[in-house]
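What follows is one structure encoded as structure tokens, with my remarks underneath.
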Amino acid sequence: MMNDSRFVGIGFVVRREVSFFTQLMLFVAVVGSFLCSPSFLAAATKEERVQWVAAHNRYRTLHGVSPVRWSDELAASSRSYAETCPSGHSETNYGENLSWASYDMGVSSVVKMWYGEESRYDYGDPGFVSGVGHFTQVVWKDTAEIGCAHVRGCGPAGSVRANTWICQYAPAGNFVSKFSENVLPPRSGK
């Protein structure tokens, strides 16, 4: 009678009769595919959470609005959507900023890029204009919480989608009739 003892690894079962080398190769393949999947890479570390909040609040302070705080719920939603390697916005009720790049820009550079649209915003004629929506969401006065994710590997190395960043915001911003009360001009000394 064949010995039916089994080795249970990460998500697979291997009969004892299989060589150690084969077991090791299966283990490496399973662990490697997990470590290289967007779902593993999307979770924000504690340091990244601090960086996301600090970067947003740096710009919000310039506009005299309250700081945002981290939301695990929004982060989970951002991560879940990032795992799909999206090419556009999600269908959630949250506000949302997305960016893609062929290299890892880092958290502060992503938020700086979003805020960089500020120079094109017309405070004298407030409202949504294409090309400023990232900026207006970053500084939207009524927004209180953010949750963000960064995914590597949505496209081949060096492709524009090799890195994807997503932040979701609650309450959402960019409501057509609410710009004048939510997108305040920078205070002096910007």
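Summary of computed values
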| item | result |
| --- | --- |
| Order by protection proxy (mean Cβ within 10 Å, highest first), peptides 48-61, 120-133 | 48-61, 120-133 |
| Neighbourhood charge, 10 Å Cβ-Cβ cut-off, centred on residue 129 and excluding it, Lys, Arg +1 and Asp, Glu -1 | -2 |
| Rounded percent of accessible protein surface that carbon and sulfur make up, the range 57-190, 1.4 Å probe | 51 |
| Pairwise label distance in nanometres, residue 180 with residue 89, each label 7 Å out on the Cα-Cβ vector | 2.3 |
| Highest-first arrangement of 112-118, 142-148, where packing means the average Cβ count within 10 Å | 142-148, 112-118 |
| Cα coordinate range in the range 57-190, projected on the principal axes (Å, largest first) | 43, 27, 23 |
| Whole-number accessible area per residue in Å² for the range 48-116, which is evaluated in the context of all protein chains at 1.4 Å | 49 |
| Estimated FRET transfer efficiency when R0 is 22 angstrom, pair residue 61-residue 104 (beta carbons, to 0.05) | 0.25 |
| Neighbourhood net charge (11 Å Cβ-Cβ; Lys/Arg +1, Asp/Glu -1) for residue 172 | -2 |
| Where labels lie 7 Å past Cα in the beta-carbon direction, separation of residue 152 and residue 73 in nm | 3.2 |
| Summed residue charge, Cβ within 15 Å of residue 44's Cβ, Lys/Arg positive, Asp/Glu negative | -2 |
| Calculated on alpha-carbon atoms, Rg and Dmax of the range 127-166 in Å | 13.9, 38 |
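The values are calculated or read from the model by the stated rules, or taken from the named source; none is laboratory data. Model, not experiment: these values are computed from the prediction. Reconstructed Cβ throughout: ideal geometry from the backbone, glycine too, with neighbour counts over all protein chains shown. Quick note on the areas: whole protein, heavy atoms, side chains included, nothing else; ligands and nucleic acids left out. Shrake-Rupley method; radii C 1.70, N 1.55, O 1.52, S 1.80 Å.
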